[in-house]
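Inspection log for the structure reproduced underneath, given as C-alpha cells.
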Amino acid sequence: MKVKQVILRHIKMRLKFVFTTSFGSFLDKEFLLLEAKDENGLSGWGESVAFHSPWYNEETIKTNWHILEDFLIPSVLNREIEHPDEISQIFSNIRKNNMAKSTIEGAVWDLYAKQKGVSLANALGGTKKEIEVGISIGIQKNVDELLHLIEKYVKDGYKRIKVKIKPGWDVEVMREIRKHFPNVPLMADANSAYRLDDVDRLKALDEFDLMMIEQPLASDDIVDHAKLQKQILTPVCLDESIHSYEDARKAIELGSCKIINIKIGRVGGLTEAKRIHDLCEKHNIPVWCGGMLESGIGRAHNIALTTLSNFVLPGDTAASSRYWEKDVITPEVTVHHGVITVPDKPGIGYEPNLEVIQQLTINEKSFSS
Ligand code: OSB
Ligand code: MG
C-alpha cells in the first residue's frame, strides 16, 4: 500500500466535566486527527493523545504537529508499505516522540485493515467480541461529590472504579469510599504524586483491598517502584513509566509492577502496544488499556487493541457520552452494563463524522507527495 495524501487537523473539544489529576485541571481538550488516504480514496484515521501542555509526558500538540509535519509524514508519504508493523521500523531513527509516531501509525493500521476488509481488532489478532470497561474519576471538590459520582457509575454498570489520588486526597478518601462501597472493584491512580519516602502513606492503602495503585512514583522511575512493591500489598501498575517493550521487560525483570496499563500513544503505536501485550502475557502480567480522554477515533483504536487476549482487566475506555456532548464518530461508543460490543466493520469500525470534525477544526493542513 501507499499513503498518497495526509490531512492533519488540530481539533478543540469541550469536555462535559473538569478533569483534575494530581497535576492540575482542564476542561477543553485539544488534539490532532490524522487522515491517511490511499490511491483509491480509502482513509485511515489516527489521533494524537498529546495534551496542550506537557504535564503527562514531554509531548504537546505543537511538538506532535512539528514532528509529524517535518519528519514522520514525509517518511511515510508515497512509500511502499507491506504491513503497518514496518512503520515503527521506519521511525526507528527518530527518538521518542511516541505520541506523534502513534498518530500516523494508527492511521496506517486503520487504512491497512480497511484495504483488507477486516476489522482493526481482527488485523491486530484480537478475538474478543466484547470488552469490559471501567471509569476513571478525577479529583473532586469534596468527598460527597466523589461518592455521588461513584454511585452513578456503579449504577451505570462500569466494571471498576478508578479514582485519582494525591497526598492529602488518598487514605481518608479511600476509607470513605470503602464505607459506602465495600465490594466495588476499586483502584487508585496517583500520576506520580508520591516519592519513596511516602511509603507509610502508601502502605496505609493496603487495608482497602485495591485492585492496584497506578503510577505512585516518578514518571521515569522503575527502581523505586520495585522497592515500593516489596513493601506494599497493593499491586503496583505502571502507566507513565512504560514507553516501550524494553521498558516493560526491565520493569518486569526488576519487579517494579504486577500490572501494566498500555496506552497506544505513550508506547509509540499499535505494533509496540501489541509487543508489550505479548511480553506481559508470557510473564503472567495482566494488562489493561489506559485512556487519554480520547475522541471517538482514539477510543476506537483502544477498543480494537483491548480485544487481545491478555487485556484481562477493565480499561479506561468509557462511553463517548461520558466525555462529549457529540463525539466525532458515528455511531458513538456506547457501554451497556460495563461492556462495549466490538464493531466488526472494516478498520476502526466507526465512521468519522466529517461535518462535526470540520466544525471543531482550528487548523488543518494537507500533505501529498
Ligand atoms: O493517568 O490514566 C491516566 C487521563 C488523562 C491523562 C492520564 C490519565 C487519564 C485518565 C482518564 O485516567 C482516562 C480516560 O477516561 O480517558
Ligand atoms: Mg494513569
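Here are a few things to note about the model shown:
- Screening Lys227, Lys282 for residues that are over 26 Å from Leu32 (Cα atoms) and in contact with a Leu (Cβ under 9 Å, 6 or more places away or on another chain) leaves exactly one candidate, Lys227.
- Whichever residue in the stretch 20-35 is farther than 30 Å from Gly347 by Cα and touching a residue at least 40 places away in the same chain (Cβ under 8 Å) and, among such residues, is farthest from ligand 2 (Cβ to nearest atom): Ser25
So that you can scan it fast, the table gives a plain yes or no per residue for (1) out of contact with any helix residue (DSSP H, G or I) (no Cβ under 6 Å at 6 or more places or on another chain); (2) hydrophobic (A, V, I, L, M, F, W, C):
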{"residue": "Arg322", "(1), (2)": "yes, no"}
{"residue": "Ile329", "(1), (2)": "no, yes"}
{"residue": "Val339", "(1), (2)": "yes, yes"}
{"residue": "Lys345", "(1), (2)": "yes, no"}
{"residue": "Glu351", "(1), (2)": "yes, no"}
{"residue": "Val356", "(1), (2)": "yes, yes"}
{"residue": "Leu360", "(1), (2)": "yes, yes"}
{"residue": "Asn363", "(1), (2)": "yes, no"}
{"residue": "Phe367", "(1), (2)": "no, yes"}
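- Within the stretch 71-94, the set of residues being without any contact (Cβ under 8 Å) to a residue 24 or more places away in the chain and closer than 11 Å to Val108 by Cβ comprises Glu86, Ile90.
- Of the criteria (1) in contact (Cβ under 8 Å) with a residue 40 or more places away in the chain; (2) more than 16 Å from ligand 1 (Cβ to nearest atom); (3) among the aliphatic types (A, V, I, L, M); (4) buried (at least 24 other Cβ atoms within 10 Å of the Cβ), which one Leu305 fails: (2)
- Only one of the listed residues (Ile285, Ile297) is over 25 Å from Val154 (Cα atoms) and surrounded by 24 or more Cβ atoms within 10 Å (Cβ to Cβ). That residue is Ile297.
- Scope the stretch 336-352; condition closer than 14 Å to Ala300 by Cβ and touching a residue at least 40 places away in the same chain (Cβ under 8 Å); matching residues: Ile340, Thr341, Val342, Pro343, Asp344, Lys345, Pro346, Gly347, Ile348, Gly349, Tyr350, Pro352
- The residues of the stretch 95-149 that are more than 30 Å from Val76 (Cβ to Cβ), among the small types (Gly, Ala, Ser) and part of a strand (DSSP E or B) amount to a single one, Ser136.
- Residues that are small (Gly, Ala, Ser) and in a loop (DSSP other than H, G, I, E, B) were ranked within the stretch 198-236; the one that is farthest from ligand 1 (Cβ to nearest atom) is Ala218.
- Looking only at residues in the stretch 185-197 that are surrounded by fewer than 17 Cβ atoms within 10 Å (Cβ to Cβ) and either not in a loop (DSSP other than H, G, I, E, B) or not charged (D, E, K, R) (or both), the one that is nearest to the chain's Cα centre (by Cα) is Leu196.
- Restricting Gly138, Gly125 to residues that are surrounded by fewer than 22 Cβ atoms within 10 Å (Cβ to Cβ), within 16 Å of ligand 2 (Cβ to nearest atom) and within 26 Å of Gly298 (Cβ to Cβ) narrows the list to Gly138.
- Selection within the stretch 211-243 - of a type in the set (A, V, I, L, M), under 21 Å from the mean Cα position of the chain (by Cα) and either surrounded by fewer than 17 Cβ atoms within 10 Å (Cβ to Cβ) or within 14 Å of ligand 2 (Cβ to nearest atom) (or both): Met211, Met212, Ile213, Leu217, Ala218, Val236, Leu238, Ile242
- Candidates are the residues of the stretch 150-182 that are over 22 Å from the mean Cα position of the chain (by Cα) and either touching a residue at least 40 places away in the same chain (Cβ under 8 Å) or assigned to a loop (DSSP other than H, G, I, E, B) (or both); the one that is nearest to ligand 2 (Cβ to nearest atom) is Asp170.
Values in this text are rule-based calculations from the coordinates and carry no lab data. All values derive from a computational prediction rather than experimental measurement. Neighbour counts run over all protein chains shown; Cβ positions are idealised from the backbone, glycine included.
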